[in-house]
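Every read-out reported here was derived from the displayed coordinates using simple, explicitly stated rules and does not represent laboratory data. Nothing here was measured: the structure is a model prediction, and the numbers come from that model. Neighbour counts are summed over all protein chains in view; Cβ atoms, including those assigned to glycine, are modelled from backbone coordinates with ideal geometry.
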Amino acid sequence: MADRQRVFISGMGIISAMGIGVDATLKALQRAATGIRPLTLFPCPFETPLPVGEVGDLPRVAVGLPRTHQLALAAVQEAMQDAETVPDMVIMGVTTGGMLSTERDLKQGRRIPRFSPYHAAGSVAGVLAEECGCRGPVMTVSTACSSGAVAIKLALEVLRQGGARTVLVGGADSLCRLTYYGFNSLQIVDRHGARPMDRDRQGMNVGEGAAMLLLTAAHQPPPRAVAEVLGGGLSCDAHHPAAPHPEGRGAYDAMAAALSDAGLPPLSIDYVNLHGTGTKENDLSEAVALRRIFKENLPPVSSVKGCFGHSLAASGVIEAVVAALCIREGFLPANVGWRHRDEAIGFCPLEAPRSQAVGKVLSNSFGFGGNNAVLVLGDAAPLSTAPSASDWRTLQVRSYACLTGAGGTAATLERFFRGASCKGTLAADRLTEGLPPRSVRRMKRLPRIALGLAARTLRRIEGVGPISDVYFGTAWGALSETHDFLDKLYATQEFFTSPIDFVGSVHNAPAGQIAMREGARGANVTMTGGDASFEQALTAARFLAAGGRQSVLVGGADEMHPIFSALFDRSVTMADTPSDGGGMLLLETAGEAAGLTLQPGFLAPVGNLGDSLEAAAAFHGGPDGINQRIGAIMVGIPAVCREEATPLLEAFRRRLGFEGPFIDYRRYVGEFGSASAVAAVIALALLERGSVPGPLAGGKEWALAGRGILLLGLGATLSTMLADSSGSVVRDSGGSYCRKTPFGEPIP
Amino acid sequence: MDDFIEELKVQIIETLALEDVTPQDIDPEGQLVGGDLGIDSIDVLELVMMVEKEYGVVIDSKELGAQVFASLKALGDYIRQVRSEGRAVG
C-alpha cells in the first residue's frame, strides 16, 4: 500500500463582491472593506433593494453562458495561470447553477421548446473541464451553503488515496431571484448589512462569486505551494431542513472530525474562519460548538460574511482562499459589521485586521439540510515523516430498493425480468407508502421518492446498525419545489414566495430529509451531473465513507416535472411515456470485499464516444479482462444520443468479442436522469439470481457463472460501475479505482 | 361561530397541506405552533406570506410572529386590529 499523499494548494483564483483576483481580495480584506450594497443585478419591487454581495464588473470571459459559469471561468483563469499541466479531475460545489438565466427565460414566457443546456448545477464543472482540457472525472457537489467546502474535502480524499494527481476544485454561485427572495422569505436578511456574531445581528446577505484551487498530491511541498490542506470533516445535524441544531451538534461533530482527520489538537489552531452568516440561530449554535471544542482556549475568530456576503456554494472555497492568504501573508481578517458583544455568544471576534504569523486555520461551512463541512489548512512545511497510509475500503451491499412506474422493487424486478415496461410515474402517495402522511406533507415529488427509497431499503433488512452517511445523486434536483417557488413569485409580481418551497428547492433537501428520518449524522453528500449523477454519488461514497464498519445509504433519483423536465432534459421530450424514479443501496464499508459489491469505475466527459468506450474498456482490463470477469453488460443510452451511440456500441461489442447479454435498460425503465440507480439495483438482483432471464438475453436464460455485471452509462459523461458477487474479482480486475488515476494509469 | 376564524382555519389547512386535519380539529384558543397540529417554524413563515397576500397584514419579525401565531384567536385578532386601524397594505 502506498503512503498517503499530502495535498497542497498550488494555484488560487477568486472573484467576489470584494474584488476580482487574489491581490484585490487581499487588499480589500486588509483594509476591512465590505462589498455589500443594495442589489442592482435585476429589478426588484421592494422600495429599497436588499443588500447583497454583488460582483461589480464581471469580466466578459465567454458569451452565452449564465453568470455562475462566467464567474467560475474568471476564477479558473487566475487559478490556472501558472499551471504547467491539465488537471486530472474537476470537482465543483454549485447550488444555483444557471438559475438566473432560467428565471429570465421563464419571466419572458419562453417555454417549450427552448432548452437550457446550462441550467444544471453540474454544467458549471463541465464548462470548466472543457476550458482547461481536463479529460478525467468531472464532479459536482450540491449541498447548499457547504457545497464548496465539501468539494474540497472530496478532492482531498481523491488525492490522498491516489485517485488523481491534481484536482481543480472550486465553488461558484451567482445571485438569482430564488435565493434573493428565498432567504428574505425566511426573515433572515439583515437590511443594514450582515453583522455576524453581533448582539444586534438580524441576518445574512446573499452574495455571489467563485473561487478555485488547484490542488496537487505530493509527499513534500511542490513549487508554488501556498498552503496545505491538512484535513476535513463532514457531518449532518439530522435535525431540521433549514435551522441549525441549537447546541451546534453537527457543527461540533464536523470540527472534531476535521481536527482528527488532520491529526491535530484544538490547541494547534491559530485562527478560526467562522461560517458566521449573521443569522441569530446560526451564529449562536456555531458559538456553542466552538466553546465546546476549544473550551478556554479559543483562538482568534472572525467571519468574513460581512465583507463578501454569503456566496452560498462558493463561500467554502472563498473562505479557503482567505485561510490560505492568512497563512501566506501572516494576517487575520476582521469580522466586518461586528460592534457589540453578545453575552449569549460569549466571545468577541476580531474587530480589526491583525498582523501575526498563522500556522493553522480551521474554516467552517454549514448549510441547509444540516450539512456541515470543516477544513483545516496549514502552512506548506516539509515533513520528515510521511503520513500513514489510507485504509482500503470496499462497499459491500447489504440491501437495495428501487421505485419506477411499475411500483417498488418487487414489482419492478418482476416486470423487468419479463422484458416488460416499468415506465411511468407512480402516484405521490404510493411513493411514500408506509410513512406517516404528516411527516411528508410538505414534500413534493423528489423528496418523496428519496424518502420512499430509504424506507424500502431499510425495511428489507434487519439488524442494521445506525446509518452514518447518506450519498445521493440527482440530475435535476427538486424540480417541483423550484418551479412552484418561481411560479408563485412571478404570479405575484415578485412580492410573494413560498419559504417551504425555497427550503425544499435545494438539491440536498431529499438527502437531508433521509438523514433526519434515519438519524444519519455522518457525511451527507448530494452530487449532481446529468445522467451520471448516481455514479458520482457512488464515487463520493467510495472516497468519503469512513473506514471501519459503517452503514451508508447511496441512492439516486429524479422526478418527472411536466414543465421543467422537458425544458432541461432533451431525452425526456423524446420519451414515449413520462417516467421517473430511482434506486438506493445500503452499503457497509468493509476491509475485504465479500458478498455483493458495487464499485464505481470510469467517469469522464465524452469527447469522441468511440474513444471513450475504448478507454472505459481498458479501465476494466480490455477485451480479455471483460470477457473473463463480466457476465452481462447493462447499458444506459439516453434517448438524445441513441442514434449516434447505437452503431458505435455494436462495433464496440464486436471488438470486445463479448457474447453475454447487452441489456438496454432505458427501454424498460424510461428516460430520467438517475435511471442508472434503478439499473444498479436490477444488476444486484440479477447477481443474486445468478442468471439473466431469457427475455433480456435474446431468448435463452444466460448463466452469469460467478461473473459480474458491468453498468455502462452513456450521454455527456461515460461512466461505469461494476456489480459483483465475489469480492476478489473486483480487486484482481485492476478496476480498483483508488489505485489508478482517472485515466487508468497506475500512479508511479 | 366566528366566520373569520373559520375562514382562517381553511386557509391554514390549505396553505400547509394539513391533509389529516379538519377545521374542527383546530381549537381557536389552543397552541397553534409546536402543538398537536405539527406546525413548526417554517410553516409559520409560509403563513406569514399567506396573511400578507390574502389580508395585506405584514408580520416582518420573528418576535412579532411569536405573539401573532400564539393561537388562531391571536392571529384573527391581530389581522382584524391592523385592518381596522387602516394599516393593511395592498
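Which of rounded, prolate or oblate describes segment A:491-641 when judged by the alpha-carbon gyration tensor and an a/c cut-off of 1.5?
Values: a/c = 2.58, a/b = 1.28, b/c = 2.01.
Oblate shape, in that a/c is at least 1.5 and b/c is the bigger or equal ratio.
Modelled label-to-label distance, residue B:24 and residue A:411, 7 Å Cα→beta-carbon offset: nm?
Rounded to a tenth, the inter-label distance reads 3.4 nm.
Work out how much length residue A:383 to residue A:48 would gain on full extension: take 0.36 nm times their residue separation and subtract the Cα-Cα distance, in nm to one decimal. Please report the intermediate quantities before stating the final value.
Details: separation 335, 0.36 × 335 = 120.60 nm, distance 5.45 nm.
Computed gain between residue A:383 and residue A:48 is 115.1 nm.
If I take R0 = 35 Å and measure r between the Cβ atoms of residue A:108 and residue A:427 in this structure, what FRET efficiency does the formula 1/(1 + (r/R0)^6) give, to the nearest 0.05? Display every interim value, and only then the final one.
Working: r = 34 Å, r/R0 = 0.97.
Efficiency, from the Cβ-Cβ distance: 0.55.
Compute the separation of the alpha-carbon centres of segment B:1-62 and segment A:67-133 and state it in Å as a whole number.
That distance is 41 Å.
Taking neighbour Cβ counts within 10 Å as the exposure measure, how do A:153, A:295, A:27, A:360 sort from fewest upward? Mind showing how you got there, number by number?
Numbers: A:153 32, A:295 10, A:27 13, A:360 23.
Going from least to most buried by this count: A:295, A:27, A:360, A:153.
From a point 7 Å beyond the Cα of residue A:659 in the direction of its Cβ, which residues of segment A:624-640 have a backbone N at a distance under 16 Å?
A:624-633
What is chain A's relative contact order, in percent, from Cα pairs under 8 angstrom and six or more apart in sequence?
Relative contact order comes out at 15 percent.
Out of all Cα-Cα pairs in segment A:376-475, roughly what percent, to the nearest whole number, are more than 24 Å apart? Can you show the working numbers first?
On the way: 2162 of 4950 pairs.
Summing the P(r) of segment A:376-475 above 24 Å gives 44 percent of all pairs.
Show me the GluC sites (Glu not before Pro) within segment A:266-318 that DSSP assigns to loop and that have at most 10 other Cβ atoms within 10 Å of their Cβ.
Values: sites: A:281, A:286, A:296; in loops: A:296.
When the GluC sites (Glu not before Pro) of segment A:266-318 are filtered for loop state and at most 10 Cβ neighbours within 10 Å, A:296 remain.
Mind giving me the nanometre distance, one decimal, between the label points for residue B:64 and residue A:40, set 7 Å out from Cα along Cα→Cβ?
3.1
Determine how many Å³ per residue the convex hull of the Cα atoms of segment A:433-487 encloses.
Numbers: hull volume 5.7 nm³, N = 55.
That works out to 104 Å³ per residue.
Is the shape of segment A:30-149 rounded, prolate or oblate, going by the alpha carbon gyration tensor and its root eigenvalues a ≥ b ≥ c, with a/c under 1.5 for rounded and a/b larger than b/c for prolate? Spell out each step's value before the answer.
Values: a/c = 2.00, a/b = 1.25, b/c = 1.59.
Taking the square roots of the gyration eigenvalues as a ≥ b ≥ c, segment A:30-149 is oblate.
Using only the alpha-carbon atoms, how far is helix A:123-132 inclined from the longest principal axis of chain A? Give it as 0 to 90 degrees, nearest 10.
90
What does the extension gain come out to for residue A:297 and residue A:650, with contour length at 0.36 nm per residue minus their alpha carbon separation?
On the way: separation 353, 0.36 × 353 = 127.08 nm, distance 6.58 nm.
Here the answer is 120.5 nm.
Return the Cα extents of segment B:1-56 along principal axes one, two and three, sorted largest first, each rounded to a whole Å.
The Cα atoms of segment B:1-56 stretch 26, 25, 20 Å along their principal axes.
Suppose only helical runs count, i.e. DSSP H with n ≥ 4. What mean residue ellipticity at 222 nm does that imply for chain B under -39500 (n - 2.57) per run, divided by all residues and rounded to the nearest 500 deg cm²/dmol? Write out the running numbers ahead of the final one.
On the way: 4 runs with 48 residues, N = 90.
The helix-only estimate for chain B comes to -16500 deg cm²/dmol at 222 nm.
With the dipole of segment A:579-691 worked out from charges on the C-beta (+1 for Lys and Arg, -1 for Asp and Glu) around the Cα centre, which of A:620, A:677, A:663 lies farthest toward the positive end?
Final value for the positive-end residue is A:663.
What's the exposure ranking of A:596, A:538, going from fewest to most Cβ atoms within 10 Å?
On the way: A:596 23, A:538 30.
Fewest-to-most ranking of A:596, A:538: A:596, A:538.
Quick check on chain A: helices-only [θ] at 222 nm, where DSSP H runs of length 4 and up contribute -39,500 (n - 2.57) each and the sum goes over total residues. Nearest 500, please. Numbers along the way, then the final one.
Working: 25 runs with 250 residues, N = 748.
Helices in chain A give a 222 nm mean residue ellipticity of -10000 deg cm²/dmol.
How do A:91, B:79 line up, fewest other C-beta atoms within 10 Å first? Intermediate results must be reported in sequence, preceding the final value.
On the way: A:91 31, B:79 20.
Lowest to highest Cβ neighbour count: B:79, A:91.
Restricting to Cα atoms and excluding each atom paired with itself, what does the Kirkwood estimate give for segment A:37-103 in Å? Kindly include the intermediate steps, with their values, before the conclusion.
Details: mean 1/r = 0.0694 Å⁻¹.
Computed over segment A:37-103, the radius equals 14.4 Å.
Quick one: grab the alpha carbon gyration tensor of the protein assembly as shown, order the square roots of its eigenvalues as a ≥ b ≥ c, and give me rounded if a/c is under 1.5, else prolate or oblate depending on whether a/b is larger than b/c. Don't jump to the answer; show the numbers that get you there.
Numbers: a/c = 1.72, a/b = 1.20, b/c = 1.43.
Verdict is oblate for the protein assembly as shown.
At a Cα cut-off below 30 Å, give the lysines reachable from residue B:62, other chains included and same-chain residues fewer than 8 away excluded.
In chain and number order, the partners are A:280, A:305, A:444, A:488, B:9, B:53, B:73.
Toward the positive end of the charge dipole of chain A, about the Cα centre and with charges on Cβ (Lys, Arg +1; Asp, Glu -1), which of A:14, A:352, A:376 goes farthest?
After comparing all options, I get A:376.
If you place +1 on the Cβ of every Lys and Arg and -1 on the Cβ of every Asp and Glu, how big does the dipole about the Cα centre of the protein assembly as shown come out, in debye to the nearest 20? Before the final figure, lay out the partial values.
Numbers: 74 positive and 90 negative charges, 299 e Å.
For this selection, approximately 1440 debye.
Which whole-number percent of Cα pairs in segment A:310-376 have a distance greater than 20 Å? Numbers along the way, then the final one.
On the way: 880 of 2211 pairs.
In whole percent, the long-distance tail amounts to 40.
Evaluate E = 1/(1 + (r/R0)^6) for residue A:344 and residue A:628, where r is the Cβ-Cβ distance and R0 equals 51 Å; express this FRET efficiency to the nearest 0.05. Could you put the intermediate results ahead of the total?
Working: r = 65 Å, r/R0 = 1.28.
That gives a FRET efficiency of 0.20.
Would you mind calculating the gained length between residue A:27 and residue A:84 on full extension (0.36 nm times residue separation, minus the Cα-Cα distance), in nm to one decimal? Don't jump to the answer; show the numbers that get you there.
Numbers: separation 57, 0.36 × 57 = 20.52 nm, distance 2.75 nm.
Once the chain is fully extended between residue A:27 and residue A:84, it gains 17.8 nm.
Give me the percent of DSSP beta bridges within segment A:1-154 that run antiparallel, rounded to the nearest 5. Walk me through the numbers on the way to the answer.
Working: 5 of 9 bridges.
If I count the DSSP bridges inside segment A:1-154, around 55 percent turn out antiparallel.
How much of the DSSP bridge set in chain A is antiparallel, in percent, rounded to the nearest 5? Display every interim value, and only then the final one.
On the way: 79 of 116 bridges.
Roughly 70 percent of the DSSP beta bridges within chain A come out antiparallel.
Compute the separation of the alpha-carbon centres of segment A:620-697 and segment A:412-483 and state it in Å as a whole number.
One Cα centre to the other: 24 Å.
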